[in-house]
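For reference, the structure discussed in these notes is given below.
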Amino acid sequence: MFYYNQYIRAKSLEEAYELYQKRQNFIVGGMLWTKMKNTTLGTAIDLCELGLDGIEENENEFRIGAYVSLRDIETNESLNKYTDNAFANSVKDIVGVQFRNVATVGGSIWGRYGFSDVMTIFRALGAKVELFHEGIMELDDFVKLPRTVRDILVSVIVPKETEKVVYLSQRNQSTDFPVLTCAVSKGKRGTMAVIGATPYMAEPVYDSENILSVTTDENIERFADYVAKNIRFGSNMRASAEYRKIICNVLVKRALKTIVSENEKEEIC
Amino acid sequence: MEVKITLNGKMIKDTVDADMLLIDFCRKHKCYSVKRGCETGNCGLCTVLMDGKPMLSCSIPVGRADGRCVDTLEGLEEEAKKFTGYFAMQGADQCGFCNPGYIVNIVALLRENPDPTDEEILEYLSGNLCRCTGYQSQLRSLRNYLNSKKENAPMQLEAEVFGADIGKEWKNE
């Protein structure tokens, strides 16, 4: 069972940060995963009064507060218009509406979970995170941050630098953890594929060899092979590494073909 | 720790343990429809409406519900009555254990989307697990209820009529 001795609603980020410096204290996100631990902790620090549950949009970026629920990013119109429903597709298979109303974006990103659909889509969009103490940093750098760093995730920033993004995942059973997650995006940083639930944390593979300079079926196949070769796969109770590698190849191909066919449609229009 | 929660429209002031979960608070105040099914946040049995949104009370610290409105099935009786008869007619409540969670979530679904398609129903209710039925009877009963409000829509759907295209991928295998 999971116990803690005290519950405090922080009045400011400074207060929360100070409280969080004690090893026994923790920040309550959705508490869905934290609750599964068998332990006793000190103080639960809740940031729900600090107004971190809003999604703001300006010309250059989206700023998603750490306490925005997964259901909010699923139903938010401007986010889904920008990503062609990739946000909704990425979270719609996570358990159910009740669960997604509780689970937070901040909790999903901070946890750096291997199974995370959320991490996959945000990495494919070249997102940044805003930490209270460390400031704004690329998600690619954030994932390398040691887990002993006790900072507070304030918001996730999605720069408007992506032209197209497609999200796909494979599950053994609907609402289960994914066997593999895949997001392919095309934008300022070129084409990239992010593969997660391998079962390690989502990793990007950039088209650094310019395979997709011409998008023929053959090059799509080559890029899918390239991605599968550059990702580390592992085995667990859901699937073997070999199976994941095959699925990775298929998902990358499907995602790329969707991007190509949408581009063609736009050109015709 | 002291909390003030509006539970089913009634303000309740109580002194609770800091690590109490909302589910235990509801049950302490005689809302026994809220149940623990899986303890992992997956089954939807403990669904309550917090400020109108369906949430898993098994994962919410009671402190977070402080100052907010929580509705359980006990407080949604009038709204639920409209369609629970259709559930009974289809035998959708077999052992009945999952039903309160189902009904609370359906109330939320119908408030958000009064005329959902079959696909939208399936998607919205995917977080409610039922080990007796196989979900067809719940879907049929909800479809019957929704059709009853429309003119010339088929009623009393049977298993063969409804859901012919659900799970077609594996039916053909």
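The values are calculated or read from the model by the stated rules, or taken from the named source; none is laboratory data. In this text the structure is predicted, and so the values were computed from the model without any measurement. Counting neighbours? That spans all protein chains shown, and the Cβs are built from the backbone with ideal geometry, glycine included. Accessible surface areas use protein heavy atoms only, side chains included; no ligands, DNA or RNA. Shrake-Rupley method; radii C 1.70, N 1.55, O 1.52, S 1.80 Å.
Which of the trypsin sites (Lys or Arg not before Pro) found in region B:1-62 are loop residues per DSSP with 11 or fewer other Cβ atoms within 10 Å of their Cβ?
Of the trypsin sites (Lys or Arg not before Pro), the ones in loops of region B:1-62 whose Cβ has at most 11 other Cβ atoms within 10 Å are B:LYS30.
Calculate, for A:ASN60 and A:SER261, the FRET efficiency according to 1/(1 + (r/R0)^6) with r their C-beta to C-beta distance and R0 35 Å; round to the nearest 0.05.
Efficiency for this residue pair is about 0.75.
Find out how many positive minus negative residues lie around B:ASN128, taking Lys and Arg as positive, Asp and Glu as negative, among other residues whose Cβ is under 14 Å from that of B:ASN128.
Net charge around B:ASN128: +1.
Would you work out what percent of the accessible area of chain B, with all protein chains in place, is carbon or sulfur (probe 1.4 Å)?
50
Can you give the average number of partner chain beta-carbon atoms within 10 Å of each beta-carbon in peptide B:43-54, as a whole number?
For peptide B:43-54, the averaged partner shielding equals 3.
Per residue of B:10-23, what is the mean number of Cβ atoms on other protein chains within 10 angstrom of that residue's Cβ?
Other-chain Cβ atoms within 10 Å of each residue's Cβ, averaged: 2.
Taking 8 Å as the Cα distance limit and 6 or more residues as the minimum spacing, I'd like the relative contact order of chain B as a percentage.
21
Most mobile of A:LEU153, A:LEU13, A:LEU180 per a Gaussian network model of chain A (Cα springs, under 10 Å)?
Greatest mean-square fluctuation among the candidates belongs to A:LEU13.
Excluding residues fewer than 8 places away in the same chain, name every one of the aspartates and glutamates whose C-alpha is closer than 12 Å to that of A:LYS35.
List returned: B:ASP19, B:GLU39.
Mind checking region A:212-242 for trypsin sites (Lys or Arg not before Pro) that DSSP puts in a loop (not H, G, I, E or B) and that have at most 11 other Cβ atoms within 10 Å?
A:ARG232
Take the protein assembly as shown, drop everything but the C-alpha atoms, weight them equally and run the Debye formula without solvent; then report log10 I(q)/I(0) at 0.05, 0.08, 0.12, 0.14 Å⁻¹ to two decimals.
-0.19, -0.50, -1.10, -1.37
When you take every Cα atom in region A:74-191, what is the radius of gyration, and what is Dmax, the widest Cα pair distance, in Å?
Both quantities, over Cα of region A:74-191: 14.1, 40 Å.
Per DSSP helix of 4 or more residues, -39500 (n - 2.57); summed, then divided by the residues of the protein assembly as shown. What does that give at 222 nm, rounded to the nearest 500?
That comes out to -9500 deg cm²/dmol.
On C-alpha positions alone, give me the angle between the axis of helix A:241-268 and the longest principal axis of chain A, in degrees, nearest 10.
Orientation of helix A:241-268: about 70 degrees from the principal axis.
Give me the angle, in degrees from 0 to 90, between the Cα long axis of helix A:217-230 and the longest principal axis of the Cα atoms of chain A, rounded to the nearest 10.
Roughly 40 degrees between the two axes.
Measuring from label point to label point, each 7 Å out along Cα→Cβ, what is the A:GLU161 to A:ARG23 span in nm?
Calculated label separation equals 3.8 nm.
Mean shadow of chain B, computed from the convex hull of its alpha carbons, in nm²?
In nm², the orientation-averaged hull projection of chain B is 10.7.
Taking only Cα atoms, what is the 0 to 90° angle, nearest 10, from helix B:99-112's long axis to the longest principal axis of chain B?
80
Tell me the relative contact order for chain A as a rounded percent, counting alpha carbon contacts under 8 Å between residues six or more apart.
Relative contact order for chain A comes out at 15 percent.
Which of the residue pairs A:LYS11/A:LYS164; A:LYS188/A:LYS245; A:LYS144/A:LYS253; A:LYS160/A:LYS265; A:LYS22/A:LYS160; B:LYS35/B:LYS81 have a Cα-Cα distance greater than 32 Å in the structure shown?
Listed pairs above 32 Å: A:LYS11/A:LYS164; A:LYS22/A:LYS160.
For A:THR175 and B:LYS28, FRET efficiency with R0 = 30 Å and r from the beta-carbon atoms, rounded to 0.05?
0.50
Loop only by DSSP, 15 or fewer other Cβ within 10 Å of the Cβ. Give me the trypsin sites (Lys or Arg not before Pro) in region A:35-93 that pass, ordered by residue number.
Qualifying residues, ordered by number: A:LYS37.
Rounded to the nearest 100 Å², what is the buried accessible area between B and A, both sides summed, probe 1.4 Å?
Summing both chains' loss of accessible area gives about 2300 Å².
For region A:3-46, just the Cα atoms, rotate onto the principal axes and tell me the three extents in Å, largest first.
29, 19, 14
What accessible area per residue comes out for the protein assembly as shown, rounded to a whole number of Å², with a 1.4 Å probe?
Ligands and nucleic acids excluded, the result is 47 Å² per residue.
Ignoring ligands, DNA and RNA, what percent of the 1.4 Å accessible area of region A:55-268 is carbon and sulfur?
That fraction is 46 percent.
Defining a contact as two alpha carbons under 8 Å apart and six or more residues distant in sequence, what relative contact order in percent does region A:3-46 show?
Relative contact order for region A:3-46 comes out at 62 percent.
Once the convex hull of the alpha carbons of region A:55-268 is built, what does its volume come to per residue, in cubic angstrom?
123
Which whole number gives the average count of other chain Cβ atoms within 10 Å of the Cβ atoms across peptide B:104-117?
1
Roughly speaking, what is the stretch gain from A:LYS188 to A:ASP141, that is 0.36 nm per residue apart minus the C-alpha to C-alpha distance, in nm to one decimal?
15.1 nm
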